[in-house]
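Asker: First the structure, which I've put down as structure tokens, then a few questions once you've had a look.
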Amino acid sequence: MTAKARFTQADVQRLVKGIRSAGATIGRLEVEPSGKLVAFFGTQGGRKASLADPSTWDWDDDDV
């Protein structure tokens, strides 16, 4: 038997929608083992993150 999901796609969509409606830019999203969603704002390594472009989602440790 598998464990119940700790978060749903709808949870992520609500988070992203709220951030965008506030006029903020999402730098990255993290999911903690507890299921807690954590959003980081802005840019990473001088690059603007884009939800539409997954290539902007991954950064080297040097960029953080």
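Laboratory data are not the source of any read-out in this text; all were calculated from the coordinates shown. The structure presented is a predicted model; accordingly, all values stated were derived computationally and were not measured. Please note: Cβ atoms are built from the backbone with ideal geometry, for glycine as well, and neighbour counts cover all protein chains shown.
Asker: Once Lys and Arg get +1 and Asp and Glu get -1 on their Cβ, which of VAL38, GLN9, GLY23 lies farthest toward the positive end of the dipole of the stretch 1-46?
Answerer: After comparing all options, I get GLN9.
Asker: In Å³ and rounded to a whole number, note down the convex hull volume per residue for the Cα atoms of the stretch 1-46.
Answerer: For the stretch 1-46, the hull spanned by Cα atoms encloses 75 Å³ per residue.
Asker: What does the charge count around LYS36 come to, taking other residues whose C-beta lies under 9 Å from its C-beta (Lys +1, Arg +1, Asp -1, Glu -1)?
Answerer: Charge balance near LYS36 sits at -1.
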